[in-house]
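The values are calculated or read from the model by the stated rules, or taken from the named source; none is laboratory data. What you see is a predicted model, and the numbers here were worked out from it, not measured in a lab. Don't worry about glycine lacking a Cβ; one is built from the backbone with ideal geometry, like all the others, and counts go over all protein chains shown.
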Amino acid sequence: MKRKIFFLTIISFIFIFSISLLIYAKEAQIEGENLNVRSGPGTDYDVITKVNPPEQYPVLEESGEWTKIDLGDHQGWIHQDYFSITEESESQNDNENMMEEESSDNEEQDGTSSNSVTNSAETYEQMDNSLAGKKIVLDPGHGGRDVGAIGASGGFESDYTLKTAQILREKLEEHGADVYLTRSNNQYVPLTSRTTHTNLLQADVYLSIHYNSTPELPEVQGIDTYYLSKRDQQLAEYVHGGIINETDMNDRGIEQRDLHVLRVNHRPSLLLELGFISNETEERKIQSRAFLEAMSRGVLMGLEQYFR
Ligand SMILES: [Zn+2]
């Protein structure tokens, strides 16, 4: 019996791994409007068709500044300046998450076959939690050439959002959630890629993480939460309420707002403005681990309430 479970586990690992590869194979996310697709890697080659955002195509090969994409019935080359590549490292993390979740479904384990199996007992204990197995996409706002707002101390919003997402990820993973980041380092990711990922994954919740700034009114402080679809109002109330409870930050309330990442998102989604980095005191607070942990606890509580 034990042997059978062991083999079933191995087979499901292989299955899940290959599915993940299918979904997460390197893709080019088109950013340039009416982007020329050429028959070869250079402007000397003929334009065979045009592509537009937010389309995305599997990458076949790369040659210097040019990348060959698969258009379905034909193939062509596009220049590297007009698209971004779906992160490979990110997809590896996703695989790990999925494999860990899979191993926790089996009560009996060989215990020696791999590292992820060793963790299964711990993960299993958390299975009664309402967050267990929920797919949460965390989207650290901005990144790369887009630094976002600049804080009173000169710090970049894009750095603060990434740090925040990383700590929030730890917290949610501790409680059994499968967490995906739209970027895991300081890279530029176009808005459409951020939401395509979420829709593709059929995420249970998408949270876009930002910090606010009003340099002309440096005394302004506090946290805002935005939602768009009426469906997500409850989610906004729970998450926002959790954050305010845990952080004691100024409550600027929740508001329905037509923001791009919410509009093109087919999944439950919020945009969180977690404080004003144009306010010196608040920026210092945001830089502290204590704040990030309190905020993460608040999000966790809100999500638990939402999924209950
Ligand atoms: Zn922002």
**Prompt:** What about Asp248, is it in the same structural domain as Met301 (by TED's automatic domain parsing) and either within 14 Å of the ligand (Cβ to nearest atom) or among the β-branched types (Val, Ile, Thr) (or both)?
**Reply:** no
**Asked** Of all residues in the range 133-164, how many are on the phi > 0 side of the Ramachandran plot and away from the ligand (no atom under 14 Å from the Cβ)?
**Response** 2
**Message:** Given the criteria away from the ligand (no atom under 16 Å from the Cβ), in contact (Cβ under 8 Å) with a residue 12 or more places away in the chain and in a helix (DSSP H, G or I), does Ile167 qualify?
**Reply:** yes
**Asked** Are any of the residues in the range 114-122 within 14 Å of the ligand (Cβ to nearest atom), part of a helix (DSSP H, G or I) and either farther than 22 Å from Ser213 by Cα or at pLDDT 95 or above (or both)?
**Response** no
**Asked** Could you say which residue among Tyr206, Tyr160 is part of a strand (DSSP E or B) and under 23 Å from Ile243 (Cβ atoms)?
**Response** Tyr206
**Request:** Answer with yes or no whether Asp178 is more than 16 Å from the ligand (Cβ to nearest atom), more than 13 Å from Ser269 (Cβ to Cβ) and out of contact with any Gly (no Cβ under 6 Å at 6 or more places or on another chain).
**Result:** yes
**Request:** Just name the residue that is nearest to Gly143 (Cα to Cα) out of those in the range 178-235 that are exposed (fewer than 15 other Cβ atoms within 10 Å of the Cβ) and among the charged types (D, E, K, R).
**Result:** Glu216
**Residue tally, condition buried (at least 23 other Cβ atoms within 10 Å of the Cβ) and not hydrophobic (A, V, I, L, M, F, W, C), over the range 248-277** = 3
**Message:** When you check His240 against the structure, is it more than 16 Å from the ligand (Cβ to nearest atom), in the same structural domain as Leu138 (by TED's automatic domain parsing) and surrounded by fewer than 17 Cβ atoms within 10 Å (Cβ to Cβ), yes or no?
**Reply:** no
**Request:** Could you tell me whether Asp224 is closer than 15 Å to Glu282 by Cα and touching a Lys or Arg at 6+ places or on another chain (Cβ under 9 Å)?
**Result:** yes
**Request:** Determine whether the range 216-224 contains at least one residue that is of a type in the set (A, V, I, L, M), within 16 Å of the ligand (Cβ to nearest atom), assigned to a strand (DSSP E or B) and touching a residue at least 24 places away in the same chain (Cβ under 8 Å).
**Result:** yes
**Message:** Looking at the range 257-274, I want the residues that are in a loop (DSSP other than H, G, I, E, B) and have a partner that is among the small types (Gly, Ala, Ser) with Cβ atoms under 6 Å, at least 6 apart or on another chain. Which pairs are those?
**Reply:** Arg267/Ala203
